[in-house]
Amino acid sequence: MPNLDKSTLNQIAYAAGILAKAQHTIALTGAGISVESGIPPFRGKGGLWEKIDPMKYAHIDAYLRNPAEVWEVLFLSMRDVLQNATPNDGHKGLYRLEALGALQTIVTQNIDGLHQLAGSKDVIEFHGSFATQRCMGCARQVPSNEVSVETLPPLCQCGGMLRPDVVMFGELIPMDHLQRSQRLASTCDAMLVVGTSATVEPAAHLPIIAKHSGAAIIEINPEPTPLTRDISDVTLLGTGGEMMNALASAVEQMR
Ligand code: APR
């Protein structure tokens, strides 16, 4: 494993041991896992919310007030970045664990669909997906790549206004996603937490539910998070690509 120091290698071996023994492992992922695919995170250095006020442009009230402006300021650039993005070693590492039977489900806060593109089968899109738009009138769903953005906001054939199928601030998480994710968190015996600042509820609570239900928490992030001190059993301080690649290789050697 290229240029990883001894203590990181020991932590990777320890984390791999947990995953190799675990019967039921899930993963929670955030924007950080897609940074190496060219998609900026929301917070921290180079974060989208450093440039755009999320309460002004990513809140459902803002969309209802001025949908064309929300498209111009946020959704058009998001659409361009997501259209060209491909999975990186972080996504592929999770798929490798799934292929080994060492990972069962991914709960992602990301709307980019990159886990599925990497081959992962059971992915809960906790904050929805940008792959489809939904009509606010007739609720029809349309693939985003079939929606023309000549006129903004884009309209449905029924005349209703389309919106990306993502959960905006001020909106609830789809009940089935919330309940299934909380159930999995309370029954898993290991949880991987990759590339999230763990600051946005209710997703940020899933590792805490898992921890209090006896699961081992393995965190991957270049920076410490609110989970690092009291919740994570192992924190691999590095990028999702490098750490997931090393972790998947270590588990492959143990299986
Ligand atoms: N690999 C792994 N983690 C990384 C990398 C990387 N290459 N680069 C940055 N990170 C980490 C950052 O240190 C940070 O902790 O990823 C995290 C990204 O945090 P956020 O931008 O806050 O993203 P996320 O936690 O997914 O945000 C949650 O907030 O804005 C809403 O709906 C949006 O789903 C999003 C939610």
Starting from a Cα-only point model with no solvent, please compute log10 I(q)/I(0) by Debye for the range 177-222 at q = 0.15 1/Å.
-0.33
Could you please report the charge total around residue 229, scoring K, R as +1 and D, E as -1 over all other residues with beta-carbon less than 14 angstrom from its beta-carbon?
-3
Along the charge dipole of the range 68-172, Cβ charges K/R +1 and D/E -1, which of 158, 76, 99 sits furthest on the positive end?
99
For the range 3-58, with equal point scatterers placed on the C-alpha atoms only and solvent neglected, what are the log10 I(q)/I(0) values from the Debye formula at q = 0.20 1/Å, to two decimals?
-0.87
Charge-dipole axis of the range 45-153 as Lys and Arg at +1 and Asp and Glu at -1 on Cβ define it, positive-most pick from 141, 60, 119
119
With charges only on Cβ, +1 for K and R and -1 for D and E, what is the dipole size of the chain about its Cα centre, in debye, rounded to 20?
340
Fewest Cβ neighbours within 10 Å first, please rank 130, 75 accordingly.
130, 75
Packing-based exposure ordering (other Cβ within 10 Å, fewest first) of 125, 72
72, 125
Quick check on the chain: take the gyration tensor over C-alpha atoms, sort the square-rooted eigenvalues as a ≥ b ≥ c, and tell me if it's rounded (a/c under 1.5), prolate or oblate.
prolate
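Here, each number is a calculation from the coordinates, and none is a lab measurement. None of the values given here were measured: they were computed from a predicted structure. A quick note on method: Cβ atoms are made from the backbone with ideal geometry, for glycine too, and the neighbour counts reach across all protein chains shown.
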